[in-house]
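The values are calculated or read from the model by the stated rules, or taken from the named source; none is laboratory data. Everything quoted here is computed from the prediction, not taken from an experiment. Note that each Cβ is placed from the backbone with ideal geometry, even for glycine, and that neighbours are counted across all protein chains shown. What goes into the accessible areas is simple: the full protein's heavy atoms, side chains included, and nothing from ligands, DNA or RNA. Shrake-Rupley method; radii C 1.70, N 1.55, O 1.52, S 1.80 Å.
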Amino acid sequence: MTCQITHIDDRRGFVFTINREADPVYQVESSAWTQDAYRWSEKEIPKAIRDKVVELEQTGKPGAFVRFLQGDVGVYVICEKNIKILPELADMEISVDPFRENGSGRKLSPYDIVIQAKEGTVRAANGESQTTRAGDYYVIPCQTWGRFIVEEPHRPDFVEITRKMLSLLEELHGHDFLSMSPDKPEEALPPNQAAPQPACFGITCYVLNLSRFTR
């Protein structure tokens with residue numbers, strides 16, 4: 001968790017803060033969270049969380065906090081396909097008893113991030129690729145989080161603006177604004193139109209505000 005990461009050209013990577021704090025900022029790269037080691041079968045995910053994911057799919061919200069009944073800790077569940085350009089509210093949190101509602105097999109731990117993935121291919125820096133199927137579950141333990149450019153002045157502007165926007169909206173409205181992607185959607189250009197020149201500075205990642213993580 002002390003590793004400093006500067007990689008931002010990662011459309012399906014996550015950059016996030018926790019506990020309503022500006023620092024530190026964490027990052028999980030897409031080539032890390034999409035590894036087979038973190039893919040869980042549906043039966044390994046507690047039913048209450050699977051039911052919540054169904055709600056997220058129906059409402060279009062990006063995710064929700066799942067509180068463990070034994071205390072203030074829990075996990076976040078993220079529906080990847082519902083992360084949009086505009087700021088998105090988290091859904092209402094739910095509570096589960098991790099000892100009674102575990103799936104079969106591996107067990108969730110506090111501060112895990114449970115992701116229901118969308119379909120797509122992720123390519124790592126070494127050229128290898130991994131494919132996710134729509135509806136696949138991945139569980140990211142907090143031990144895999146990397147620190148993302150610790151010093152604020154050196155963070156990319158678009159990451160900072162997005163992160164601060166989510167925090168400000170939460171402060172103003174009293175609701176948990178969870179996620180936002182600063183990317184514009186991919187454009188379908190007419191065949192006779194030249195592709196636009198890439199911007200000299202852009203962000204391709206998801207920015208999350210995991211404010212209910214209160215460690």
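Which loop-located GluC sites (Glu not before Pro) does the stretch 13-63 contain, where loop means any DSSP state but H, G, I, E or B and the Cβ has at most 16 other Cβ atoms within 10 Å?
When the GluC sites (Glu not before Pro) of the stretch 13-63 are filtered for loop state and at most 16 Cβ neighbours within 10 Å, Glu21 remain.
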Interchain or long-range residues, amide H under 5 Å from Lys84's placed H = Ser181
For the stretch 33-101, dividing by residue count, accessible area per residue (probe 1.4 Å) in Å² works out to 50
Pairs over 26 Å Cα to Cα, from Lys43/Lys164; Lys107/Lys164; Lys84/Lys107; Lys52/Lys84; Lys43/Lys84, come to Lys43/Lys164; Lys107/Lys164; Lys84/Lys107; Lys43/Lys84
